[in-house]
Structure formats: C-alpha cells, structure tokens
Amino acid sequence: MSKSLKRVAAALAAAGLREDIREVGTARTAQEAADGIGCALDQICKSIIFRAETTGDAVLFLTAGGNRVDAAKASLCAGEALGKADAALIRAQSGFAIGGVAPIGHITPIRAWLDPRLLAFDTVWAAAGTPRHVFPVDPRHLPALTGGRQADFTG
C-alpha cells in the first residue's frame, strides 16, 4: 500500500470509520470514478484546490462531481483572492498528486469548504490518495473529517 493510501486509511481509522478503499482502474476525473464505482456523477466528492493569493496556502473545496467551483464565489468563502494551485503546491501541502487528492489525510491542515449538494446522498465517493483509488463516506461526516464548512461556491 502506498504512503498516500496509508495516510487516507489512517485518517479513516482515526475517525472511527470503516476503511473501504477500492481500486477502480482510473479515477482521474469524476466521470471516470463514477463509471468505475457504478454511482451517480454527483456522488463523487471532488477535491479542488486553489492557492490563496495573500498567503500562498492551499485552500480546498469539496464539490459534487457534476458541479464546478466558481472562482469568484470560492474567493468570497475564503475571504481573499484565489488563484490556480500548481502541482508542487498541491503535493507540498496535501501530500497527494493531482488526480488523487483525498479530502482527508493531508500532510498539513488545509482550510476547506463543502458543497451542500454532497449532503443529498447517503454515500459519496472520494479519492483515496491515488488516481486509481476511492473510498465511500457518509457525507455528513465530511465537516468533522475535513474541517470543511458548507457554502455556496458552485456555479
């Protein structure tokens, strides 16, 4: 098991949740993940990271697979201008590569916001630290797991 998968498994265990990491072939996109697991597109919990312009820190937005993060609304949530996060920032602060960024198991804490659309489901699926692995989670656990606050940031 890779270091990334181990961090996700450890975060699930620390939260008292069942570790059920599954390999789905490729899950680089929400549609690929949904097809691989056999769920609705919006049941995929995408981890979208921006760079905070003032601090340079990563900022995380967890959104339903069919939604897009509106940069202007996301900036309002964060209280500062947000820019594109590059692969180096994402890897340095989350510990994951683009395409496999999990909402949990980050190597440094990351401020997070949560798309209310995810709460319409009993189970959502999120990247488990690689572009080929996902895990199921009750979305009602996401605020406690991620420190994420519900907000309107999609467009």
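The values are calculated or read from the model by the stated rules, or taken from the named source; none is laboratory data. If you're wondering where the values come from, they're calculated on a predicted model, not measured in any experiment. Don't worry about glycine lacking a Cβ; one is built from the backbone with ideal geometry, like all the others, and counts go over all protein chains shown. Note: areas computed on protein heavy atoms with side chains; ligands, DNA, RNA excluded. Shrake-Rupley method; radii C 1.70, N 1.55, O 1.52, S 1.80 Å.
Could you go through the stretch 25-37 and let me know if any residue there is farther than 23 Å from PHE61 by Cβ, in a loop (DSSP other than H, G, I, E, B) and not aromatic (Phe, Trp, Tyr). Yes - at least one qualifying residue is present in the stretch 25-37. Listed by first and then second residue, the pairs linking a residue in the stretch 67-96 that is closer than 22 Å to ARG117 by Cβ to a residue that is part of a loop (DSSP other than H, G, I, E, B) and of a type in the set (Phe, Trp, Tyr), with Cβ atoms under 8 Å apart and 6 or more places separating them unless they lie on different chains, are VAL69/PHE153; ASP70/PHE153; LYS73/PHE153; ALA74/PHE153; LEU76/PHE153; CYS77/PHE153. Hey, could you check the stretch 16-33 for residues that are open to solvent by less than 50 Å² (accessible area, probe 1.4 Å) and touching a residue at least 40 places away in the same chain (Cβ under 8 Å) and say which is farthest from the chain's Cα centre (by Cα)? Checked the stretch 16-33; the qualifying residue farthest from the chain's Cα centre (by Cα) is GLY25. Of all residues in the stretch 72-82, those that are closer than 22 Å to ILE104 by Cα and surrounded by fewer than 16 Cβ atoms within 10 Å (Cβ to Cβ) total 0. Give the stretch 129-155 a look and list any residue that's out of contact with any Cys (no Cβ under 9 Å at 6 or more places or on another chain) and either of a type in the set (Asp, Glu) or closer than 20 Å to LYS73 by Cβ (or both), or say none. Those that are out of contact with any Cys (no Cβ under 9 Å at 6 or more places or on another chain) and either of a type in the set (Asp, Glu) or closer than 20 Å to LYS73 by Cβ (or both): ASP138, PRO143, THR146, GLY147, GLY148, GLN150, THR154, GLY155.
Taken together, the criteria place ASP42 among residues that are part of a helix (DSSP H, G or I), open to solvent by less than 40 Å² (accessible area, probe 1.4 Å) and closer than 20 Å to HIS141 by Cα. Hey, any hits in the stretch 101-119 for a residue that's over 24 Å from LEU17 (Cα atoms) and open to solvent by less than 50 Å² (accessible area, probe 1.4 Å)? No, the stretch 101-119 contains no residue that is over 24 Å from LEU17 (Cα atoms) and open to solvent by less than 50 Å² (accessible area, probe 1.4 Å).
Scanning the stretch 122-150 for residues that are assigned to a loop (DSSP other than H, G, I, E, B) and either open to solvent by 20 Å² or more (accessible area, probe 1.4 Å) or free of Cβ contacts under 8 Å to residues at least 60 places away in the same chain (or both) yields ASP122, THR123, PRO131, ARG132, ASP138, GLY147.
Could you please give the count of residues in the stretch 45-70 that are hydroxyl-bearing (Ser, Thr, Tyr) and either loosely packed, with under 14 Cβ neighbours inside 10 Å or more than 15 Å from the chain's Cα centre (by Cα) (or both)? Result for the stretch 45-70: 2.
ILE49 fulfils the conditions (1) under 21 Å from LEU5 (Cβ atoms); (2) touching a strand residue (DSSP E or B) at 6+ places or on another chain (Cβ under 9 Å); (3) in a loop (DSSP other than H, G, I, E, B) except for a single criterion, (3).
Within the stretch 32-55, is even one residue touching a Gly at 6+ places or on another chain (Cβ under 6 Å) and hydroxyl-bearing (Ser, Thr, Tyr)? No, every residue in the stretch 32-55 fails to be touching a Gly at 6+ places or on another chain (Cβ under 6 Å) and hydroxyl-bearing (Ser, Thr, Tyr).
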